[in-house]
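Let me begin by presenting the structure, written as structure tokens, before commenting on it.
The values are calculated or read from the model by the stated rules, or taken from the named source; none is laboratory data. Keep in mind that this is a model prediction, so the values were computed, not measured. Here the Cβ positions follow ideal geometry from the backbone for every residue, glycine too, while neighbour counts run over all protein chains shown.
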Amino acid sequence: MTVADRIGQERAALQMINPAPFNAEAPPEALTGDLTPTELHYVRSNFAIPAHDGTLEIGGAVENPLTLTVDDLRAMPTVDRAVTLECAGNGRLDTRPLPTGEPWGSYAVSTARWTGALLHEVLRRARPATGGVDVRFEGADHGAYHLRPVLEETRRDDLTFVRALSLAHAVDPSAEILIAYEMNGEPLWPDHGAPFRLIVPHWYAVASVKWLKRIDVLTEPYTGEFQTGHYMYEWPDRPHKTVDYMRVRARITAPAHASDINAGTCTVRGKAWSGTGPVTRVDVSLTGEGEWLPARLEPPKGPYQWQDWSFDWKATDVGRHTLRARATDAAGNVQPDVPPWNRLGYGNNAIEVLYVDVH
Ligand SMILES: Nc1nc2c(c(=O)[nH]1)N[C@H]1C(S)=C(S)[C@@H](COP(=O)(O)O)O[C@H]1N2
Ligand SMILES: [Mo]
């Protein structure tokens, strides 16, 4: 089988949003389990899958520059974490006016088990020099790109995908940022960043740089296109702000939208997650407005993964019913009813609404 055939097979079960660069949502069943099988994990790439020579350079303001291979990373202490990744553009299609950017529905979210070395241990070996501020992560992927701001939209013929984190975040052992080389127990697939990628728990997945090629410690704050141009909340009424933590959100996985169910007890189920603390409650509404009823919420199975919730609905009234689910996290964040509009359509965590017909 050719590489192209294999990649085609790996993509077959996804809901395509864009063929090139390939962007695709998970199918609805991907949200039912604790972990999303790799072939059902959403894919978001700004450029085509790049060639990668298998080495990772660590340099910039460090005392001990390094070149690592996947074997070097495997020789370091191994950490294994289930991490929910959500694209900051997930839900963009429901925002009005509709911004430009990939028209994501609500399935650019998945949870995989990622295995790798800890970023803070790699950086410790490289010994950041005093005066370090940010850490820059460069992917091997690049291509033509339309830059922000919109008033002066210009095209760059060849831009590389680069993101940064603060040095304090990057070296914080409790942040557990991974340089992952396995996903669900297998070497990374090409669409998910082979041979290795960053995994930044709790952050919108744009921070989790795929096809990682270089890591540089910087003595000035990083201001690149994917840091301060795109992936910014351009609020109409507030200062612009970089996209960071995943906003609290619940999804309903059963019953399906617009489905027919028999009168009787119907268990409404779903997932809930947040980058700003565990989800502490999920409430369900059966009227489309008004009264909220507490759902059963399962405790987190790990620090970075979505939680299950369920609600036994006595669906005895025949007819059409509107269901909503609303999550709250430990920081007190609650989902809004209406998408919080921003120019590029990021962070839509509005309450999901669906209807079902009881017969
Ligand atoms: N090198 C590189 N890394 C990247 C991207 C990219 O375009 N290039 N996209 C980011 C975005 S916006 C998301 S949502 C996640 C998607 O990861 P996945 O395709 O494994 O689901 O990768 C992030 N890492
Ligand atoms: Mo994303």
### Residue list for segment 176-189, restricted to those being in contact (Cβ under 8 Å) with a residue 60 or more places away in the chain, in a loop (DSSP other than H, G, I, E, B) and farther than 24 Å from G60 by Cβ
N184, G185, W189
### Message
List the strands (runs of 3 or more DSSP E) inside segment 190-282, counting only whole elements, that have at least 1 residues being of a type in the set (A, V, I, L, M) and either more than 16 Å from ligand 2 (Cβ to nearest atom) or free of Cβ contacts under 8 Å to residues at least 24 places away in the same chain (or both).
### Response
212-218, 249-254, 264-273
### Task
List every residue pair whose Cβ atoms sit under 9 Å apart, with the two residues 6 or more apart in sequence or on different chains, where the first one lies in segment 89-101 and is of a type in the set (A, V, I, L, M) and the second, anywhere, is in a helix (DSSP H, G or I).
L98/R92
### Query
Among G89, G101, G139, which is at pLDDT below 95, assigned by TED's automatic domain parsing to the domain that holds V217, of a type in the set (G, A, S) and within 16 Å of ligand 2 (Cβ to nearest atom)?
G101
### Summary
Among strands (runs of 3 or more DSSP E) entirely within segment 5-79, at least 2 residues that are of a type in the set (G, A, S) and more than 30 Å from R269 (Cα to Cα) occur in 55-60
## Note on the structure
Among V62, V83, the single one that is over 19 Å from the mean Cα position of the chain (by Cα) and closer than 26 Å to L119 by Cβ is V62
### Query
Could we say that G131 is within 16 Å of ligand 1 (Cβ to nearest atom), surrounded by fewer than 18 Cβ atoms within 10 Å (Cβ to Cβ) and modelled with pLDDT of 95 or more here?
no
### Task
Mind listing just one residue for me: the one in segment 31-45 that is of a type outside the set (D, E, K, R) and within 16 Å of ligand 2 (Cβ to nearest atom) and, of those, farthest from W211 (Cα to Cα)?
T36
### Query
Which members of segment 277-292 meet the condition of being surrounded by 12 or more Cβ atoms within 10 Å (Cβ to Cβ), within 15 Å of F311 (Cα to Cα), out of contact with any His (no Cβ under 9 Å at 6 or more places or on another chain) and not polar (S, T, N, Q)?
R281, V282, D283, V284, W292
### Message
Out of everything in segment 80-90 that is among the hydrophobic types (A, V, I, L, M, F, W, C) and part of a loop (DSSP other than H, G, I, E, B), what residue ends up being nearest to ligand 1 (Cβ to nearest atom)?
### Response
C87
